[in-house]
1. Report, in whole Å, the centroid distance computed from the Cα atoms of segment 33-59 and segment 148-222.
2. Highest first, please rank the peptides 298-307, 125-134 by the mean number of other Cβ atoms sitting within 10 Å of their residues.
3. What does the charge add up to near ARG273, with Lys and Arg as +1, Asp and Glu as -1, over the other residues with Cβ less than 10 Å from its Cβ?
4. How high is the relative contact order of segment 452-491, in percent, with contacts defined as C-alpha pairs under 8 Å that are six or more residues apart?
5. Express in nm, to one decimal, how much length is gained between THR238 and ASP75 on full extension, taking 0.36 nm for each residue of separation and deducting their alpha carbon distance.
6. Which whole-Hz ³J(HN,Hα) couplings does segment 290-297 yield from phi under the Karplus relation 6.51 cos²θ - 1.76 cosθ + 1.60, θ = phi - 60°, glycine and proline marked x?
7. Quote the charge dipole size of segment 424-491 about the Cα centre in Debye, to the nearest 20; the model charges only the Cβ of Lys and Arg (+1) and of Asp and Glu (-1).
8. Over the chain, what relative contact order in percent results from Cα pairs under 8 Å that are six or more residues apart?
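Readers should treat all values here as calculations from the given coordinates under stated rules, not as data from a laboratory. Quick caveat, the model's predicted, so the values are computed rather than measured. Please note: Cβ atoms are built from the backbone with ideal geometry, for glycine as well, and neighbour counts cover all protein chains shown.
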Amino acid sequence: MPDFPMIGHFKDVGAFRAHVARLGIDLPADNSILSAVQGSPLAQPLDIGGFRVGNRWCIQPMEGWDGTTRGEPTDNTLRRWRHFGASGAKLIWGGEAFAVQADARGNPNQLALIDGNEASAERSLASVLDALLDAHRQSIGPTDELLVGLQLTHSGRFCRPNDSFRAEPRIAYHHPLLDERFGIDPRDDSCIVSDDYLDRLIEAFIACARIARRVGFHFVDVKHCHGYLGHELLSAFTRRGRFGGSFENRTRFARETVQGIKATCPGLMIGVRLSAFDSPPFAQHPASSNGRGVPADYASHLPYRYAFGCRPEEPLSLDLSEPAAFIDMLGGLGVRLLNISCGSPYYNPHIQRPAMYPPSDGYDPPEDPLIGVARQIDVVRRIRQRCPGAILVGSAYSYLQEYLPHVAQAVVRNGWTDFVGIGRLALSYWDLPADTLAGRPLEKRRLCRTFSDCTTAPRNGLMSGCYPLDVHYKSSPDARLLQVKKRQGAR
């Protein structure tokens, strides 16, 4: 286990701030958690496109692993969506990723539009949305200030639509480091999606947006993050044709998808979840005894033309010029709602979701995870400065645990972000936003401690859930299988 201090070991917010100061990072934290009655910045409403959103908490989207192979929800799926509704957050960013066609799924149990069966997809989405809204009414109250979106996705390089253990990648270009990492033959172009495929995929996104609008979602997310196809297209410098090379071409998929949705779905808002920066892939060093991750050897690939938002001559350093230009382009199309993330859980998870414990296919963090949290919070602040018209959701807060509300209050008060997003934490302590706004003490036993079982399980073909802290998963048959997998070598 890494020798970084655990968040739960800090006796109070003062000790937490002292450690932050020793790290030399800028991570503000308020002295106390304010309730809505006490004027918490997190309780302030915000107007988005004429819709008054009731507070500054956001539930982040996650990829579901508990649907049917026909892309339909199960009782476990509905349970998660009910928890999102009961969370107290007034912005729900997608609930989970919805694959726009069968081959776009990241796993065979992901919610999806299968074989063009729009009636089935409409029933599925109506059921999860109704579960969320009913839970919100019962636990929180009226839904008139609750903004709910649906994340639309194509998993690209990480497609596994038919078998959790068999990759069926659909890539934008050959990546010399990721091809090797994920077993893609660099001489085989059959998995590279054609321009015609992307044209048809744009129509699939538009079709799913129409379904979401009919069902009652307020917005859709045209996903461009975490190494999935939309994100990979942004770094398609080496791709030929209409979707590669120039900035105009690399942003064509986003631009034409947004334009198509706006033309056919009047009144439906659009958001984009964006990995605003990336880096080369990391892995455990084969000669290292401490298990910490190191970047792949990229020296022979300089200038590095395989990532979005980093410096080509030094790809471990950020360059937000193109991400800011992309956000400005979206703003020109009427898209102001941005959810900022970074990197990918598949090849640099310590950057994308800071954690003390790695998933089964990961590595121990090469830095104190608080540095990763501060990095993402700072990037959102920098984007706010460069793109003042954008409405921003920040990510990477779950690792803060006891001090998440303290930091969340401070960054919203300071204007560094508009919304604070929680992802993994919502699997174990979904109603933390409600507790903080009501002035109730935190239930520390439910705080996500970033054990990463919610990732290790699906990496081994099991449902994603909080196995250590949620009794529902802890007592499930998958929990026993997970322990077997971990004893066999998965962490």
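1. For segment 33-59 versus segment 148-222, the Cα centre distance is 34 Å.
2. 125-134, 298-307
3. After counting each charged neighbour, the total is 0.
4. Working: 30 pairs, mean separation 13.3, N = 40.
Relative CO of segment 452-491 lands at 33 percent.
5. Result: 54.3 nm gained on full extension.
6. 9, x, 6, x, 9, x, 4, 6
7. Values: 13 positive and 6 negative charges, 79 e Å.
Its charge dipole is roughly 380 debye.
8. Working: 1027 pairs, mean separation 81.8, N = 491.
That works out to 17 percent.
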